[in-house]
Every structure is written in structure tokens, then in C-alpha cells.
Amino acid sequence: MIKIRLEDIQDPQDLKTLKTEDLKTLAVEIRGKIIEVVSENGGHLSSNLGVVELTLALHTVFESPKDRIIWDVGHQSYAHKLLTGRQQNFRTLRKFGGMSGFPKREESPHDVLETGHSSTSLSAALGMVTARDLKKEDFNVVAVIGDGALTAGLALEALNQIGHLEKNLTVILNDNEMSISNNVGAIASYLARLRSDPAYYKLRDDIEFLIKKIPAIGERVVRAVERVKGSLKHLVIPGVFFEELGYTYLGPVDGHDLESLLSYLKRAREMDGPVMVHVITKKGKGYKPAEENPDIMHGTGPFNTETGQPVKKSSRPSYTKVFDKKICQLAAQNKKIIAITAAMPEGTGLKKFAQLFPERFFDVGIAEQHGVTFAAGMALEGYKPVFAVYSTFLQRAYDQVVHDICLSNLPCVLAIDRAGVVGEDGETHQGAFDISYLRHIPGLTLAAPRDAADFENMLELAVNYHGPIAIRYPRGETPEIPISKRQPVRWGKGELLTDGDEVLILATGNMVWPAYEAVQILKTMDINAALVDLRFIKPLDHALIKDMVQKTRFLITIEENVLAGGMGSAVLEFLAAEKIELPTMNIGFPDRFIPHGKADELRRELGFTPEKISQKIYDFCQGEKRGKYEKTARYIAGGKKVFPFKK
Ligand SMILES: Cc1ncc(C[n+]2csc(CCOP(=O)(O)OP(=O)(O)O)c2C)c(N)n1
């Protein structure tokens with residue numbers, strides 16, 4: 001008998017005639033491939049290893065892409081990619097120009113929804129089935145959502161409407177008891193109860209089986225049986241919560257047992273109305289280091305496959321590490337400090353805080369909106385909440401920042417990690433927009449540190465500040481900038497780092513270091529540049545800017561944020577209001593999504609290296625001197641030059 005190989009599967013259709021034994025063989029090969037490639041490229045290991053059998057079963061039972069299979073978050077879609085004609089490119093996973101680590105519509109017709117942020121699958125699935133029914137078409141829609149993702153308000157809003165509309169739709173609840181860390185909340189406890197007593201679901205199945213077996217049952221018997229079912233319901237029917245919401249609940253089913261999975265999925269496919277299949281999986285399944293540390297290996301850099309240990313050890317502390325240490329120090333001195341995370345205690349550096357001050361630490365689940373308003377509530381009662389959150393995920397809670405924190409001028413601290421280039425997670429994860437979505441909110445202070453020392457000082461200032469304040473800082477290591485003197489961090493004040501009279505560079509956050517290097521390169525080009533670290537994007541240090549622009553010929557702003565509405569825009573607004581005309585070049589993200597790739601590769605591509613920055617400044621000054629541009633030219637990093645006033 002010829003053994004099936006993964007390379008024989010170039011399309012899900014190739015799975016249809018396989019025996020369960022073949023699928024099991026494929027599962028082993030898929031796991032091997034995922035471990036091999038993630039160990040080299042980094043990626044989401046544990047979640048992917050957990051859904052190998054589920055993915056095989058889904059593609060065997062359903063007809064993708066006619067049937068739509070939606071992966072919530074999308075970080076668990078590697079097996080799906082391997083089964084849908086993308087094995088050849090799998091080695092390029094997460095690499096610049098290569099395959100995305102998340103579903104991408106341009107990559108394959110099997111990727112029906114772009115994801116990366118959590119808990120969108122149910123809403124999109126309901127949208128699709130509603131459109132399907134309006135179009136009178138016939139296909140299945142399956143949404144695979146984790147127990148972690150189910151904690152978000154967005155998912156619960158969809159769950160609510162799905163039950164109401166009663167449309168044919170299959171929800172697969174992939175329950176591994178974990179978000180990135182242990183899942184939290186009342187729903188998680190409820191799911192744990194469902195998992196823990198198999199007698200419950202056995203009894204329910206037995207009742208249904210018995211009803212079906214009674215031949216030609218009379219009306220009264222049916223009603224009697226229904227009554228018994230009804231009265232037993234709250235006692236014995238698992239998933240009564242979901243049943244009451246209007247779903248047919250199937251499960252729990254062992255998500256690594258292919259026979260059971262195939263049988264449950266076939267049942268779900270044939271049923272009318274919304275069906276919830278509760279699948280129990282193990283995060284990291286089949287690879288010991290990931291099974292033992294599913295949280296650490298949730299998202300990992302390259303690692304040694306023998307030991308599971310990371311290949312690269314960082315030499316300097318990351319911003320997250322600095323936050324971790326400093327916030328614990330501050331919390332030890334100030335008992336009012338509360339730390340909040342939305343399901344990211346490791347990622348945001350709050351694990352130590354949670355151990356040291358468990359009563360002042362709150363993981364709200366994947367619930368950024370709730371996290372912000374929860375912070376507002378604590379602040380109203382006299383506490384000093386610090387919500388640590390990634391820039392990209394805070395996008396979810398924009399209204400809560402405006403309406404619940406800033407409108408009441410509440411002293412909450414937003415510690416915004418992963419601001420700017422994030423790297424391999426790509427478009428959905430780059431921290432590209434936070435300056436733009438925060439800068440215009442009345443009363444909000446927005447700061448950005450250039451290094452570890454400034455970050456610590458800003459945190460100290462923030463926890464003692466009387467109003468809302470946000471600090472944005474990047475992913476990665478803190479730099480060592482060779483500047484001998486440092487002025488203390490003062491609210492709303494920038495710092496002049498190097499003086500010069502030809503070019504003025506206004507930089508913010510992690511762009512200060514490359515700007516500093518660029519100044520040194522410019523010296524070798526006979527360009528004398530001054531560098532100001534703004535420190536605060538809001539309020540801008542108007543006095544310092546006004547003073548400095550009067551002493552220069554060219555102005556450059558540089559930030560890791562989209563240009564529209566960013567720091568450079570704030571500077572231009574100020575200059576316009578003051579009627580100051582100066583040839584200005586804004587460097588920042590262009591008006592497009594930043595793809596995936598290593599952070600340094602992306603920065604090179606965007607022109608954020610000292611060499612490229614200095615070259616750009618040189619070209620700009622030369623062009624200005626030749627009178628090629630008039631007044632103001634906007635130069636978009638990585639994009640095209642725009643000449644608003646052509647001669
Ligand atoms: C809005 C948002 N917040 C936070 C995250 C970060 N994040 C990615 S996966 C994940 C946990 C998801 O848990 P679950 O849905 O149970 O999937 P599992 O990884 O356990 O398979 C989190 C918090 C995100 N992707 N989106």
C-alpha cells in the first residue's frame with residue numbers, strides 16, 4: 001500500500017477520498033512541516049499545532065472555497081495554507097515578499113476573510129450567510145473561533161444576532177482553555193464545566209437516540225418526552241447557554257480524534273439553523289516544548305527544534321522589559337496603581353506585576369473596549385489604572401478613549417506597546433495609526449520615549465499626572481544613544497539634542513536614534529543639522545519649535561506613524577497657524593498598509609535607516625537649493641514625491 005504524502009494534496013479535493021488512516025498520516029507530516037518552518041522563520045506555533053486534525057476534517061467535510069471557512073484571528077491557518085495549494089511557498093512564511101502568517105485574500109480563494117485582529121469571524125460569517133440567502137445561493141459558512149476570541153464584545157454581539165436570525169451557519173468553538181495565556185472570565189469557567197463532565201453530554205445524546213428509536217410514537221408520547229427533555233434541559237444538556245441563544249450545540253468533541261471530528265462535522269453540515277460544534281483541542285499538540293509552554297510558544301521567533309529554546313537572545317532590554325520593571329517599581333511605591341491587560345500579560349510585560357500585585361492586576365480578556373472603560377471606572381474611584389496594550393489593538397477602543405476617559409479628563413495611563421513597525425505579523429499588526437487616532441482627542445497627552453531612560457521617566461510622570469496620558473513605544477530593544485547630557489522629562493517639553501543652522505530635524509520616539517545617526521552622516525556631507533527630540537507629540541513644544549525654525553533653512557519631521565494626521569501634520573498645522581513658511585519634508589509611513597517582513601528589512605524598505613534618512617535630507621536640501629521645489633514639498637517615505645506647487 002502506498003503511503004499518502006502531503007505533497008499529494010494540492011487542493012482540498014484531494015482529501016475527499018482518503019481514509020481516516022491517511023488523514024492521520026497527513027496530520028503527522030503537517031505538524032512536522034509547521035515545526036520546521038516556524039523554527040526557522042518564527043510564527044504562531046502552539047495554536048497551529050492544535051488545529052491540525054480540525055483543519056483536515058473541515059477540508060474533508062466541507063467544499064472550500066465554495067463553502068467559506070473563516071479562521072478567527074487567522075494565526076492558526078498554517079495547516080489550512082498547506083492543504084490549499086500553498087506548500088511550495090510555505091518556506092517563505094512571514095518573510096518580506098513571502099507568504100503571510102495570516103489569511104490573505106490575494107494569496108488564495110480559500111482565504112475568504114483577512115484576519116489578524118481577534119473575534120471578527122462570527123460577524124463576517126453572519127454577513128456572508130445573510131448575503132447568501134438574499135442572493136438565493138447555496139453554500140455553507142463555517143467560522144472557527146477560539147475560546148479566547150469568544151471573550152470579545154464583538155464576538156458576543158455576533159453570537160447574539162446569529163441566534164436571532166436563525167440562519168444556517170456553523171460555528172466551531174476551538175476550545176483549548178487558552179487565550180495566549182490561560183483564558184479568563186465567566187464564559188471560560190462555563191466552558192471548563194462543559195468539558196469536565198462527559199456524563200452530561202452522554203445523557204443528552206442517549207435521550208435523543210431513544211426518542212428516535214420509538215417507532216410511530218403518538219402525539220402524547222412525543223410531548224411527554226419533550227417535557228422530560230425540557231425539564232432535564234437545565235440539568236443535563238451541555239451547552240444550554242448556547243442552546244438558549246438559539247444554537248444547536250454539538251459536543252464537546254475531541255479535536256484530535258479524526259473519526260469523531262468527521263462525524264460531528266458531517267452532522268453539523270446537514271443541520272438547519274445555527275450550529276455550535278464545541279471542539280476540545282490542545283495547544284501545541286504533538287511538540288513537547290509547545291505543549292509544556294503553549295503561551296511562550298504561542299508566537300515565537302526562530303528556535304532550536306531539539307530544545308524549543310530561542311535562537312536569538314537580545315543583548316539590550318526591550319521597551320516591554322523596561323516597562324515591566326518600572327511599572328512594578330512604581331506600583332510598589334503607589335498602592336493606587338492598577339495594571340490592566342486585554343489578554344496579553346506576557347506580550348505587554350505584565351506577568352511580573354501579576355505575580356507581585358495579584359489584587360491590582362486585571363486581565364479583561366480580548367476586550368480592549370471594555371479594558372479602557374474598566375480603567376475609567378477605576379479612575380473615577382480614585383485609582384491610577386495603567387492599561388498596557390498594543391498600538392494596533394487599541395484601535396478597537398478609540399471611542400472608549402474619547403468618550404469614557406478623555407471626556408471626563410480621567411487620570412488613566414495608556415501604555416501603548418508595538419507602536420510603529422512591528423514586523424513579521426504584517427499589515428494587521430503594525431502600529432501605524434496611533435498618533436493619528438489619538439492626537440486630535442482634547443485633553444490627551446501623548447508622549448514617546450527615545451530610549452530606556454526617557455521611557456522610565458515618562459512612566460513616572462504619567463502615573464503622577466492628573467489627566468489622561470498615553471505613551472507610545474516600539475517593539476524591540478532600547479537603543480543606546482551617545483548623548484552626554486540629558487534634560488529631565490518635563491510635560492510638553494522637547495529636548496534639543498544637537499544644534500545646527502541649516503536643517504532642523506524634529507524626531508519622535510524610536511526615530512530619534514536613526515535621526516541622530518543621520519545627523520552624523522550629514523556632517524560628512526557638509527550639512528549642519530539640528531536635532532530635536534520632541535518627547536511629547538501632544539502637546540507639542542511650540543516655544544521650542546518656534547525658536548528653532550527661525551534659525552534654520554529646512555525642516556524635516558520624522559516619525560513611525562502614517563503621515564496623515566501624524567506628528568509631521570501637527571507641526572505643519574502649527575507652522576500654518578503661525579504663518580511660518582519653511583521648506584518642509586515629512587518622513588513617515590506612506591498611505592498604504594505596511595506588509596510583513598523583518599522589522600529592519602521593513603525599515604530599510606521604508607527609508608528609515610540613518611543612511612537613507614540622511615540621503616533623503618541631502619537630496620531634499622539640494623533640490624530646494626536648486627529651486628526645484630517651491631515652498632513646501634512633501635516626501636513620503638517608501639512612496640512617491642509629491643510636489644504641491646510645481647513651477
Ligand atoms: C483585538 C485583538 N486583541 C489581541 C490580540 C492578540 N491575540 C492573538 S491570538 C490571541 C489569543 C486567541 O485565543 P484563542 O482565540 O483561544 O485562540 P488560540 O490561540 O488559543 O487557538 C490574542 C489575545 C488580537 N489578535 N486581536
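The values are calculated or read from the model by the stated rules, or taken from the named source; none is laboratory data. Not measured: the values here are computed from a predicted model. When we count neighbours, we look across all protein chains shown, and the Cβ atoms used for this are built from the backbone with ideal geometry, even at glycine.
Brief remarks on what is shown
Matching residues to (1) in contact with a Lys or Arg (Cβ under 9 Å, 6 or more places away or on another chain); (2) closer than 21 Å to Gly588 by Cα:
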position	(1), (2)
Pro488	no, no
Lys493	yes, no
Gly509	yes, yes
Tyr516	yes, yes
Val532	no, yes
Val549	no, yes
Thr557	no, yes
Gly566	yes, yes
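- Tabulated pairs, region 272-283, first assigned by TED's automatic domain parsing to the domain that holds Leu261, second among the small types (Gly, Ala, Ser) and at pLDDT below 95, C-beta under 7 angstrom, 6+ apart or interchain: Pro274/Gly163; Pro274/Gly246; Met276/Gly239; Val277/Gly251; His278/Gly239; His278/Gly251; Val279/Gly251
- Residue ID - farthest from the ligand (Cβ to nearest atom), chosen from residues in region 321-375 that are crowded, with 24+ Cβ neighbours inside 10 Å and assigned to a helix (DSSP H, G or I): Ile327
- Subset of region 26-63 that is among the small types (Gly, Ala, Ser) and closer than 19 Å to Asn174 by Cα - its residue that is nearest to the ligand (Cβ to nearest atom): Ser47
- Which numbered condition Ile441 misses (of (1) touching a residue at least 60 places away in the same chain (Cβ under 8 Å); (2) touching a helix residue (DSSP H, G or I) at 6+ places or on another chain (Cβ under 6 Å); (3) away from the ligand (no atom under 16 Å from the Cβ)): (1)
- Taking each residue of region 101-125 that is closer than 18 Å to Asn174 by Cβ and part of a helix (DSSP H, G or I) and looking for partners that are within 10 Å of the ligand (Cβ to nearest atom) and of a type outside the set (Asp, Glu) with beta-carbon atoms closer than 6 Å, six or more apart or interchain, yields Ser121/Ile145; Leu122/Ala155.
- When Asp434, Asp404 are checked against the criterion of being buried (at least 24 other Cβ atoms within 10 Å of the Cβ) and either assigned by TED's automatic domain parsing to the domain that holds Gly153 or in contact with a helix residue (DSSP H, G or I) (Cβ under 6 Å, 6 or more places away or on another chain) (or both), Asp434 stands alone in meeting it.
- One residue stands out among those in region 64-85 that are under 21 Å from Val129 (Cα atoms) and more than 12 Å from the ligand (Cβ to nearest atom): the one that is surrounded by the fewest Cβ atoms within 10 Å (Cβ to Cβ), which is Lys66.
- Residue tally, condition more than 16 Å from the ligand (Cβ to nearest atom), over 15 Å from Val112 (Cα atoms) and of a type outside the set (Asp, Glu), over region 122-168: 12
- Residue ID - surrounded by the most Cβ atoms within 10 Å (Cβ to Cβ), chosen from residues in region 86-120 that are charged (D, E, K, R) and within 16 Å of the ligand (Cβ to nearest atom): Arg94
- In region 129-142, the residues that are under 18 Å from Asp111 (Cα atoms) and surrounded by 10 or more Cβ atoms within 10 Å (Cβ to Cβ) form Cβ pairs under 6 Å with partners that are among the small types (Gly, Ala, Ser) and at pLDDT 95 or above, at six or more places apart or across chains, as follows: Val141/Ala125.
- Of the residues making up region 55-78, those that are over 20 Å from the mean Cα position of the chain (by Cα) and under 21 Å from Ser100 (Cα atoms) number 7.
- Wholly enclosed helices (runs of 4 or more DSSP H) of region 545-647 bearing at least 1 residues at pLDDT below 95: 610-625
- Residues being under 30 Å from His466 (Cβ atoms) and surrounded by 13 or more Cβ atoms within 10 Å (Cβ to Cβ) - total across region 488-507: 11
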